[in-house]
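The values are calculated or read from the model by the stated rules, or taken from the named source; none is laboratory data. As the structure is a computational prediction, the values presented were derived from the model and not from experiment. Counting neighbours? That spans all protein chains shown, and the Cβs are built from the backbone with ideal geometry, glycine included. Please note that ligands, DNA and RNA were not included when accessible areas were found on the heavy atoms of the full protein model with its side chains. Shrake-Rupley method; radii C 1.70, N 1.55, O 1.52, S 1.80 Å.
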Amino acid sequence: MAVAARGTRGGSGFRSIFSFRIFISAMFSLLFVATLSVLFTTNPSTSNDDSDLPTTGNAYVHRTFLALKSDPLRTRVELIHQQAKDHIALVNAYGAYARKLKLDISKQLKMFDELAHNFSDIALKPTYKASLFETDGPIDEDVLRQFEKEVKDRVKIARMMIVESKENYDNQLKIQKLKDTIFAVHESLAKAKKNGAMASLISARSIPKSLHCLAMRLMGEKISNPEKYRDEEPKPEFEDPILYHYAIFSDNVIAVSVVVRSVVKNAIEPWKHVFHVVTNRMNVGAMKVWFKMRPIEGGAFLEVKSVEEFTFLNSSYVPILKQLESAKKKLPDLENQANNATNDANLKNAKSLSMLDHLRFYLPEMYPKLYKILLLDDDVVVQKDLTGLWKIDLDGKVNGAVEVCFGSFHRYAQYLNFSHPLIKESFNPKACAWAYGMNLFNLDAWRREKCTENYHYWQNMNEDQTLWKAGTLSAGLMTFYSTTKSLDKSWHVLGLGYNPSISMDEINNAAVIHYNGNMKPWLDIALNQYKNLWTKYVDNDMEFVQMCNFGL
C-alpha cells in the first residue's frame, strides 16, 4: 500500500511539471505571433524616399523583414549604404578635428570634405536612387554591383587618407613621434658635444702659429747674439726664505710673462717677490731671452731653469718617469701592428705623463732652503697683492687651496675609483675637492708629513690606472688628503676657460682668476668677455709680439 501511494504522488508531480511547460511554450508562441502581426501590418507599402535609412529600432527590423520578403539583394544594399554612412561620419569627424586645430587651409581638410560629399553624392545619383532606394520591385543586380564598386572605391580612398593623416590627429602617435624626435635630437646633441669637446681639446693642445713664431724669434735672437744672453750667477735672493717665492712650471713663454707681470704690477713691494720658472729643454733658451729682453719691473727677481737641471728627477726615483719609459717601450711597432687597438691608448698615456705637470710634487727637494712657496699655473692672472697669503696660518697643514665642491659636485668620488678596495678604505667619497692653480705650500710641513713619499706610493699603485685616470689633480687629492686647509674663495676664482656665466663682481673681487679649461686666453677659442683681463698684461711693446701677429 505504501508503495502504491508513493507511485500515485510521483505521477501527479510529473503531470504538473509537464502542464507548466506546455503553458510556457504556448505563451512564447502567442508573443511571437503577436510580434510578427505588428511588424507585417505596420505600413508595409511605405517607400524609401530618403537616402538616409533608419538603422535602429522597429523601423530597421521592419525594413529587414521587408527585404527578406521582397528581394534578397535589398539587405546587401542596406549593408553597403550603411558602410558608406559610417565612412561619411568618420571623415567628417576628422574634418571637424582639423577645423578645431585651425587647419582650414590644409590639404587634409579639403580632402575630408570632398570625401564626405562624394559618399553623399553616390546615394543621390538618379540611377542609384531610382533603382535601389525608391523602388518596391526587384533590384537590378548590375546597378547594385556598380553601386557597390563605387562605394568600395571611395571607402578605400577614405581609409588610405585616414591612415596617412592619422598621425596628425592621433595623440598616441603624436606623442610617440615627439619622443622619437626628442631622442634623435639628444643623440645629435651628444654627438655634437663630443665632436666639440674633441675639437676644443685639439685646439687647446696644439701650438698656435703666433706662439711658435715667438719662440722661434727668441731663439733666433739668442743665436744671433750669444754674448748678450749668457747665464748669470745665481742670486742669493733665490734661496732667501724671508722673501715671497713663486713656482711657475710651463713651456708657454707669453703665458709665463703675463703671470709674472700681473703679480709684479699688483704687488705693493715687488722687490720682495722671487719667481722660479721651470720649463723644458726646448723652451728654456726662449724663456731666458724673453726675460733678458724684458726685465721684470719693480726690482723683482726671476730665475729660469730646465727640468733637466734637477738631476735627482730621474726614472730611478720618479715613478712617472719610469712609467713614461715603460709606456714608450710598450708602444707597438707601427709597421707590424698598425691596427693594434692598444696603440692609441699607449700614445695617450705617454702624452699624459708630462714631467712639467708633475714637478709640483717635488717642491721641497727642488727648493730645499725655502719654507713656503706659492704655486701658480701659467693660465692665471693676478689682480691683487698676494703677500697676504704668506700671513695665513695653515694650522700645520701642507697645502692651502680653495675648495671647489658644491652639492654633490667635485667630491672625491668624481676623481677616484671607489670600486677599488684600496681607494674605498683610504678615502671618503664625499670629501671636498680643491683646485690646483694657486696653492700655497708649507714646505716644512710637507717634509714632516712625507708627502712626496705618499705621492710615490699612490703613483706606483696606479701604474695600470685602476685607481684614477691620468692626470695630476687626482694624484694631488690623494697626496694631500687631510693635509689641505681651505682658503677663502675670493683668493682664487676658476672657470674662465670654459664657463661663460661667471659673475663679473666675483671676478673683480678675486685675487687670482684662473682660465682653467680648453678656452685659454691666448687661443682664438677664448671666451671674449674674459679675454681682456688677460691681454692687458701682455707686453705689446715687445717687438717680437708685434712681429708674430698675436691679434690680441
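Can you give the FRET efficiency to the nearest 0.05 for Glu325 and Val163, using r as the Cβ-Cβ distance and R₀ = 56 Å? That gives a FRET efficiency of 0.20. In this structure Thr311 has an accessible area near 110 Å², from a 1.4 Å probe over the protein heavy atoms. A straight chain from Gln465 to Ile182 at 0.36 nm per residue would run longer than the Cα-Cα distance by 98.2 nm.
At R0 = 22 Å, how high is the FRET efficiency between Ile207 and Phe310 if r is their beta carbon distance? Nearest 0.05 is fine.
Details: r = 25 Å, r/R0 = 1.12.
Calculated value: 0.35.
Length, then width, then depth: along the principal axes, the Cα atoms of region 369-435 run 43, 27, 21 Å. Sorting Ser490, Ser210 on solvent-accessible area from highest to lowest, probe radius 1.4 Å, gives Ser490, Ser210. Evaluating 6.51 cos²θ - 1.76 cosθ + 1.60 at θ = phi - 60° for every residue in region 516-524, the Karplus couplings come out as 6, x, 7, 8, 5, x, 8, 9, 5 Hz, glycine and proline recorded as x. If the chain linking Asn417 and Asp385 were pulled fully straight, counting 0.36 nm for each residue of separation and taking away their Cα-Cα distance, it would gain 7.6 nm.
How high is the relative contact order of region 174-278, given as a whole-number percent (alpha carbon pairs under 8 Å, six or more residues apart)?
Relative contact order here is 25 percent.
Phi-derived couplings, Karplus 6.51 cos²θ - 1.76 cosθ + 1.60 at θ = phi - 60°, listed residue by residue for region 269-280: 10, x, 5, 9, 10, 10, 10, 10, 9, 10, 9, 8 Hz, with x used for Gly and Pro. Diagonalising the gyration tensor over the Cα atoms of region 203-267 and scaling each eigenvalue by 5 before taking the square root yields semi-axes of 26, 20, 10 Å, largest first. As a rough guide to protection, the peptides 516-525, 221-230 ranked by mean Cβ packing within 10 Å, highest first, stand as 516-525, 221-230. Once you divide the Cα radius of gyration of region 419-471 by 2.2 N^0.38 Å, the number left is 1.31.
Where does region 402-552 land on Rg/Rh, using Cα atoms and the Kirkwood Rh? Mind dumping the intermediate values first?
Values: Rg = 18.7 Å, Rh = 17.8 Å.
Radius of gyration over Kirkwood radius for region 402-552 works out to 1.05.
Sorting Lys125, Lys265 by accessible area puts them as Lys265, Lys125; the probe is 1.4 Å, largest comes first, and only protein heavy atoms count. How many angstrom lie between the C-alpha centres of region 359-410 and region 506-533? Result: 20 Å between the Cα centres.
3J(HN,Hα) along region 234-244: x, 8, x, 5, 5, 10, 7, x, 6, 7, 9 Hz, from the Karplus curve 6.51 cos²θ - 1.76 cosθ + 1.60 with θ = phi - 60°, whole Hz, x for Gly and Pro. Distance between the pseudo-spin-label points of Asn428 and Met547 (7 Å out from Cα toward the beta carbon): 5.7 nm.
Our compactness index for region 491-544, the C-alpha radius of gyration over the empirical 2.2 N^0.38 Å, is 1.16.
Placing +1 on the Cβ of every Lys and Arg and -1 on the Cβ of every Asp and Glu, with no other charges, gives region 402-552 a dipole of roughly 420 debye about its Cα centre.
When +1 charges are put on Lys and Arg Cβ atoms and -1 charges on Asp and Glu Cβ atoms, the dipole computed for region 210-323 relative to its Cα centre reaches about 420 debye.
Proximity of backbone amide H atoms, modeled 1.01 Å from N, is registered between His245 and Val274, Leu374 at under 5 Å, excluding neighbours fewer than 5 places apart on the same chain. For Cys405, nonlocal amide neighbours, meaning residues 5 or more places apart or on other chains whose placed amide H falls under 5 Å from its own, are Ala433.
I need the calculated FRET efficiency for the pair Glu148 and Lys191, taking r as the beta carbon distance and R₀ as 51 Å, to the nearest 0.05.
Here the calculated transfer efficiency is 0.40.
Accessible surface ranking for His212, His420, His514, 1.4 angstrom probe, highest first: His212, His420, His514.
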